[in-house]
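Contents: one structure, followed by commentary.
Throughout, read-outs are computed from the coordinates displayed, never taken from laboratory work. Because the structure is predicted, anything quoted here is derived from the model rather than measured. Note that we place each Cβ from the backbone using ideal geometry, even for glycine, and neighbour counts take in every protein chain shown.
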Amino acid sequence: MTQDWYEENPQRVTEADLVVALPSFREAKLIGYPVTQAARGLRRYFPEQRTVIIDCDNASDDGTKEAFFGADTEGVPRIYLATPPGVRGKGNNFQNLFRKVLELKAKAVVVVDADLKSITPQWIKHLAEPLFSDFGYVAPLYVRHKHDGTITNAVAYPLTRALYGRRVRQPIGGDFGFAGSLAQAFLASPTWTRAVGEFGIDVWMTTLAMVSNQPICQAYMGRPKIHKAKGAGADITPLFSQVVGTIFDLMRQSADYWRRVKWSKPTSIYGFSLGETELPPPVKLNEDQLLAGFRLGGEVHSATWRRVLPPDQMNKLLEIAALPSEEFDFPTQVWAKLLYDFAVAYAREEVPRPDLLNSLIPLYYGKTFSFVRKTAKMSVQQAEEFIENECMVFEETKPYLIERWPA
Amino acid sequence: MPKILIVDDEEHIRFLYSEELTDEGYEVITADSGLGLLERIAAEKPDVVILDIKMVDYNGLDLLQDIRNKYYDLPVILCTAYDTFKEDMKSIAANFYVIKSFDLTELKGKIKMALETRLPGQ
């Protein structure tokens, strides 16, 4: 993975101990706030370190660069990096970041989203401090509403946990820290794909940290993650396909590792001194739309499903599809096996991979509808426990995957 | 034979668990508080720690943090009479938790899982 970058480095920073990076694309309205908060965090908690804030941008045309340089950083220097015009994707921004981190010989790197509205200076402390105490990778731990982060809850968390044996609750959280030395490993990895260059980057980095046995901790952020809303009608297809496609790609490339993993282990937790936990804002999912999406998928994709799923799994799916909405239930064991079946079909290329991923989306809608129904009366904590139990089902079902996985 | 460290301030629990787990073929050692726990772990090198959450002088969740900070991969099973502890996110640093019971079937199952847990390169 090589690409050119455009750089503005007005303070001529050549070395840094700690980097805070914000990947961005058209964030002129919002980037100023997280930059200011990050600068406060650096000044307050890391006054002895050489620090720099980097905007890793997709050459935005809305004034993101000017907003970045216009924010008050209380003297913390800044660097602006941009992909070539027309090159988009969060992962492509990270590619520039990895190279710059090596150039700067940085010991620690913190990444936060450029559209964050709930970031505090303590987030920088909690994501960076473990990196100076032997941890190689720091994932965020937020309190999220039970119906927020449905791709994480239904796919990314249970799969990464069952596959790689490390319990990282937000493997695609977007805000994290990593040791500077990992930048070289990221750059050298042969597993880079187009999807990693876009939304697949978060789960890619988390997975590489796991399979390279980096000491991982989860940093408790104390506040919910609040950022720019995607809009009720936002198309989830690119996000879903790139995240799940990246998970499936990494499964192909790291089968020797995950086949040997049995059960899972927790990680260290960092940062409990933030006072009272704030409750996350409620998230209302459109249940009718989820069920309709599932049922429509049956009409459009059933031929693909029949090619991917063994007959007994297909029969179970047909039974689920026949349930009326008030009795709808997508059992976790069926869902876990189904994801494993799709991963196997992806590895074997039984169906063109983009078609395969597209056909999985309606099933994810069905699973999410079932989850919303089951957790409707649960507290956030009870829903968390429910998800933990689902993860155990994924771990218990893993021998099914190992048995089906192509030799 | 795997070594289990039971940390609980209730004598009858320590006795019951010791008896039952010894019968299962484990070597069992006990501690009646969190005092000097890290030193005890360093000296005895247990394979699994069973940790009571509510002890008179110690909070098991704080002890869990101390253990996890020093022994990244040491399996810890939280044991409690109340499940309200789950509201504290510190509890997720444990491998498992069980509700205290005179029936030790669940605890024995979790110990077995903790001992079976395997990650390559470790």
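Brief remarks on what is shown
- Selection within the range A:86-110 - touching a strand residue (DSSP E or B) at 6+ places or on another chain (Cβ under 7 Å) and within 14 Å of A:M205 (Cβ to Cβ): A:K90, A:N93, A:F94, A:L97, A:V101, A:V109, A:V110
- Qualifying position, being of a type in the set (D, E), within 17 Å of B:L115 (Cβ to Cβ), in contact (Cβ under 8 Å) with a residue 12 or more places away in the chain and surrounded by fewer than 16 Cβ atoms within 10 Å (Cβ to Cβ), among B:E11, B:E27: B:E27
- Residues being surrounded by fewer than 20 Cβ atoms within 10 Å (Cβ to Cβ), within 13 Å of chain A (Cβ to nearest Cβ) and of a type outside the set (S, T, N, Q) - total across the range B:54-88: 12
This table checks each residue for (1) closer than 14 Å to A:D249 by Cα; (2) aromatic (F, W, Y); (3) touching a Cys at 6+ places or on another chain (Cβ under 6 Å); (4) outside any helix (DSSP H, G or I).
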position: A:L338; (1), (2), (3), (4): no, no, no, no
position: A:A345; (1), (2), (3), (4): yes, no, no, no
position: A:E350; (1), (2), (3), (4): no, no, no, yes
position: A:L363; (1), (2), (3), (4): no, no, no, no
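- Neighbours by Cβ (under 7 Å, 6+ apart or cross-chain): first from the range A:101-118, at negative phi; second surrounded by fewer than 20 Cβ atoms within 10 Å (Cβ to Cβ) and outside any loop (DSSP other than H, G, I, E, B): A:L102/A:Q184; A:A108/A:F132; A:D113/A:H227; A:D115/A:H227; A:L116/A:H227; A:K117/A:Y33; A:K117/A:H227
- Only one entry in A:L163, A:L159, A:L131, A:L102 is over 21 Å from B:I92 (Cα atoms) and either out of contact with any Phe, Trp or Tyr (no Cβ under 8 Å at 6 or more places or on another chain) or part of a helix (DSSP H, G or I) (or both), namely A:L102.
- Screening the range A:174-220 for residues that are part of a loop (DSSP other than H, G, I, E, B) and hydroxyl-bearing (S, T, Y) and picking the one that is farthest from A:F94 (Cα to Cα) gives A:S212.
- Whenever a residue of the range A:374-392 is closer than 17 Å to A:W335 by Cα, its partners that are polar (S, T, N, Q), lying with C-beta atoms within less than 8 angstrom and at least six residues away or across chains, give the pairs A:T375/A:Q382; A:F386/A:T375; A:I387/A:N153; A:N389/A:T332; A:E390/A:T332; A:C391/A:S264.
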